[in-house]
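Engineer: A single structure is presented below for examination.
The values are calculated or read from the model by the stated rules, or taken from the named source; none is laboratory data. Nothing here was measured: the structure is a model prediction, and the numbers come from that model. A quick note on method: Cβ atoms are made from the backbone with ideal geometry, for glycine too, and the neighbour counts reach across all protein chains shown. With ligands, DNA and RNA removed, areas are computed over all heavy atoms of the protein, side chains included. Shrake-Rupley method; radii C 1.70, N 1.55, O 1.52, S 1.80 Å.
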Number of protein chains: 2
Amino acid sequence: MKIVAIAGPSQSGKTLLITRLIPEFRARGYSVAVIKHCGHGFLLDVEGKDSWKYRQAGAEGVALLAPGEMAVLRKSSGDPRDFRETAERYFGDASIVLVEGGKGIRGLKKVELVRRGLDPDGGIEREGRLAVVSDADVVADVPVFLPGQAAALADFLIANLPDGSIE
Amino acid sequence: MKIVAIAGPSQSGKTLLITRLIPEFRARGYSVAVIKHCGHGFLLDVEGKDSWKYRQAGAEGVALLAPGEMAVLRKSSGDPRDFRETAERYFGDASIVLVEGGKGIRGLKKVELVRRGLDPDGGIEREGRLAVVSDADVVADVPVFLPGQAAALADFLIANLPDGSIE
């Protein structure tokens with residue numbers, strides 16, 4: 001399994017880039033999973049639905065099983081930035097995992113998004129940075145791709161990401 | 001880990017009974033997880049949110065990691081009635097797992113809900129039935145509890161559920 005983070009400040013285009021990369025990887029025979037780091041929590045469940053009632057009643061977690069798909073909502077005590085453990089536990093069958101966020105994780109291979117008019121993210125851990133994606137005239141010590149070059153970026157990542165891409 | 005199904009026809013009070021049982025088990029030192037069998041699928045994700053976009057783009061699954069909680073939405077190829085595998089994989093730290101549904105699963109320990117005015121569920125696999133919960137005058141070869149007797153039912157289940165309650 002290969003793991004790579006798509007890192008950059010808010011509004012830099014992380015979600016769009018990931019939605020462009022997913023079909024490129026799939027076209028190359030990879031199965032893809034995404035891990036999104038939500039520093040401020042997330043709202044997924046709907047009040048009044050059974051799964052919300054169970055959590056309100058004190059359940060550690062709720063799983064919904066349906067033909068062809070499943071969902072798990074649960075409390076967690078671990079570090080929400082432990083992407084590798086999450087990837088292996090929940091997506092062991094995926095051949096590449098894209099992490100939305102993860103800018104500060106040392107040892108995680110990364111693509112940095114730099115967008116014209118936005119300050120670059122000072123919190124990005126540069127060690128492990130493999131490429132930059134930008135619409136600006138960026139000088140970097142790694143290859144720079146335009147936001148629309150998802151196909152070329154997918155080829156580059158396949159060639160340059162080691163298996164088990166967190167050391 | 002103990003596993004027990006709360007089985008019965010639609011509108012028989014499965015969700016209500018589970019929300020009553022959760023705090024009773026917690027008060028007795030158990031951590032509780034719930035698995036809900038959704039024969040016709042579920043609607044949990046919200047169109048326009050990132051997790052929906054990733055699945056639409058072809059991702060096998062999406063995980064959301066936040067401080068203290070997480071969610072996983074994924075395609076699955078297994079049998080959605082394989083509750084034990086789901087319980088062990090996703091809720092290995094829970095001491096009791098309540099399954100909403102699961103009426104037809106042989107070898108799964110069950111509580112059957114029978115409600116006045118509703119036909120009993122003909123599809124219930126009686127082998128493994130430990131108790132009946134009913135507001136009607138039911139004759140059964142297992143103990144019968146009233147819907148409000150969640151505390152007594154929790155005590156009974158703790159005493160009578162084996163560990164790893166699927167043989």
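Engineer: Within chain A, what whole-number % of the accessible surface is contributed by carbon and sulfur, with the 1.4 Å probe and all protein chains included in the calculation? It would help to have the intermediate numbers written out before the result.
Structural biologist: On the way: 3500 of 7370 Å².
That share works out to 48 percent.
Engineer: Run the simple label-point estimate for A:Asp155 and A:Arg89 please: 7 Å along Cα→C-beta, distance reported in nm.
Structural biologist: 3.8
Engineer: Remind me, relative contact order of region A:63-167 in percent, using alpha carbon pairs under 8 angstrom and six or more residues apart? Numbers along the way, then the final one.
Structural biologist: Details: 95 pairs, mean separation 19.8, N = 105.
Relative CO of region A:63-167 lands at 19 percent.
Engineer: Output the Cα-based Rg and Dmax of the protein assembly as shown in Å, rounding Rg to one decimal and Dmax to a whole number.
Structural biologist: When restricted to Cα atoms, the protein assembly as shown yields Rg and Dmax of 23.2, 80 Å.
Engineer: Give me a comma-separated list of calculated 3J(HN,Hα) values for region A:82-95, in order, Karplus coefficients 6.51, -1.76, 1.60 applied at θ = phi - 60°, integers in Hz, x for any Gly or Pro.
Structural biologist: 7, 5, 5, 4, 4, 4, 6, 6, 9, 10, x, 8, 7, 8
Engineer: Need one number: nm distance between label points at B:Trp52 and B:Val144, each 7 Å from Cα along Cα→Cβ, rounded to one decimal.
Structural biologist: Taking the simple label geometry, B:Trp52 and B:Val144 are separated by 4.7 nm.
Engineer: Another one. Could you check what % of the DSSP bridge pairs in region A:92-167 are antiparallel, to the nearest 5? Write out the running numbers ahead of the final one.
Structural biologist: Working: 1 of 8 bridges.
Antiparallel: roughly 10 percent of the beta bridges in region A:92-167.
Engineer: Once you put a point 7 Å from the Cα of B:Arg116 and another 7 Å from the Cα of B:Asp137, both along the Cβ direction, what distance in nm separates them?
Structural biologist: 1.1
Engineer: Continuing with this model, one more query. Report, for chain A, the % of DSSP beta bridges that are antiparallel, rounded to 5.
Structural biologist: On the way: 7 of 27 bridges.
The antiparallel fraction comes to roughly 25 percent.
Engineer: Can I get the semi-axes of region B:49-110's equivalent ellipsoid? Compute them from the C-alpha gyration tensor as square roots of 5 times the eigenvalues, in angstrom, largest first.
Structural biologist: 27, 16, 9
Engineer: Send over a whole-number figure in Å² for the accessible area per residue of region A:65-167, probe 1.4 Å.
Structural biologist: Numbers: 4820 Å² over 103 residues.
The answer is 47 Å² per residue.
Engineer: For region A:71-110, run through the chymotrypsin sites (Phe, Trp or Tyr not before Pro) and keep only the ones in DSSP coil with at most 16 other Cβ atoms within 10 Å of their Cβ. If you can, show how the numbers build up before the last one.
Structural biologist: Numbers: sites: A:Phe83, A:Tyr90, A:Phe91; in loops: A:Phe91.
Counting only loop positions with at most 16 other Cβ atoms within 10 Å, none of the chymotrypsin sites (Phe, Trp or Tyr not before Pro) in region A:71-110 qualifies.
Engineer: Would you kindly work out, in nm and rounded to one decimal, the distances from the label point of A:Asp82 to those of the same position in each other copy, ordered shortest first, with label points 7 Å along Cα-to-Cβ?
Structural biologist: Nearest to farthest, the other copies are at 2.5 nm.
Engineer: Note the distances from B:Arg28 to each other copy's matching label point, with points 7 Å along the Cα-to-beta-carbon direction, in nm, sorted shortest first.
Structural biologist: 5.4
Engineer: Any chance you could run the full-extension gain for A:Ser77 through A:Ala27? It's 0.36 nm times the residue separation minus the Cα-Cα distance, nm to one decimal. Intermediate results must be reported in sequence, preceding the final value.
Structural biologist: Values: separation 50, 0.36 × 50 = 18.00 nm, distance 3.64 nm.
Residue separation times 0.36 nm, minus the Cα-Cα distance, leaves 14.4 nm.
Engineer: Continuing with this model, one more query. Taking Cα atoms, how many degrees apart are the long axis of helix A:14-27 and the longest axis of chain A, rounded to 10 and kept between 0 and 90?
Structural biologist: Between helix and principal axis, roughly 90 degrees.
Engineer: Each residue of region A:103-118 in turn: what ³J(HN,Hα) in whole Hz from Karplus with 6.51, -1.76, 1.60 and θ = phi - 60°, glycine and Pro shown as x?
Structural biologist: 4, x, 8, 5, x, 8, 5, 9, 10, 9, 8, 10, 10, 4, x, 10
Engineer: Among the listed pairs B:Lys75/B:Lys110; A:Lys53/B:Lys103; A:Lys14/B:Lys75; B:Lys75/B:Lys109; A:Lys103/B:Lys36, which have their C-alpha atoms separated by more than 31 angstrom in this model? Let's see the in-between values first.
Structural biologist: Details: B:Lys75/B:Lys110 28 Å; A:Lys53/B:Lys103 21 Å; A:Lys14/B:Lys75 23 Å; B:Lys75/B:Lys109 27 Å; A:Lys103/B:Lys36 36 Å.
In this structure, A:Lys103/B:Lys36 exceed 31 Å between Cα atoms.
Engineer: For A:Gln11 and A:Glu127, FRET efficiency with R0 = 22 Å and r from the beta-carbon atoms, rounded to 0.05? Write out the running numbers ahead of the final one.
Structural biologist: Values: r = 25 Å, r/R0 = 1.13.
After rounding to 0.05, the efficiency reads 0.30.
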